[in-house]
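Undergrad: Before anything else, here's the structure in question.
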Amino acid sequence: MELKKAFGKVFRWYRTKNALTQEDFSDVSGRTYISTLERGIHSPTIDRLEALAPMLKVHAITLLVCTYAARDGVTAEALLQRVRDEIDQMQPPYTAPE
């Protein structure tokens, strides 16, 4: 599945699960934009994703994990385990609060 289409499918699922209409996002985006996301025509910027996710009552990363899992045909848990393993192996350049 194409990445934009996978995002649209995940976004629509969370929107309907939360009983939200496309119009409910009018403070963040127009209904037409939401429609193009759900149809896989556009993909959101990181800033837009950050604004949309709380309306769906999820973290932006949740939307991304579910999108990639849907595209790749794997479970979200399998994908998260891969991410955990990659982070453990690479030790990215950030520091956790001590």
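Undergrad: Against the condition in contact (Cβ under 8 Å) with a residue 12 or more places away in the chain and acidic (Asp, Glu), how does Asp24 come out, does it pass?
TA: Yes: the conditions hold for Asp24.
Undergrad: Another question, then. Take the residues of the range 77-89 that are within 22 Å of Thr62 (Cβ to Cβ) and not acidic (Asp, Glu): which is modelled with the lowest pLDDT?
TA: Selected residue: Ile87.
Undergrad: Checking Ile41 against (1) part of a loop (DSSP other than H, G, I, E, B); (2) of a type in the set (A, V, I, L, M); (3) within 12 Å of the chain's Cα centre (by Cα), only one condition comes out false. Which one?
TA: Single failed check for Ile41: (3).
Undergrad: So, one more: Scan the range 17-61 for residues that are farther than 18 Å from Lys4 by Cα and of a type in the set (S, T, N, Q) and jot them down.
TA: Asn18, Thr21, Ser26
Undergrad: Find the residue count for the range 15-37, including only residues that are crowded, with 17+ Cβ neighbours inside 10 Å and within 11 Å of Leu56 (Cα to Cα).
TA: 2
Undergrad: Of all residues in the range 3-36 being assigned to a helix (DSSP H, G or I) and of a type in the set (A, V, I, L, M, F, W, C), which is farthest from the chain's Cα centre (by Cα)?
TA: Residue satisfying both the conditions and the ranking: Phe25.
The values are calculated or read from the model by the stated rules, or taken from the named source; none is laboratory data. Because the structure is predicted, anything quoted here is derived from the model rather than measured. All Cβ positions, even for glycine, are placed from backbone atoms using ideal geometry, and neighbour counts span all protein chains on display.
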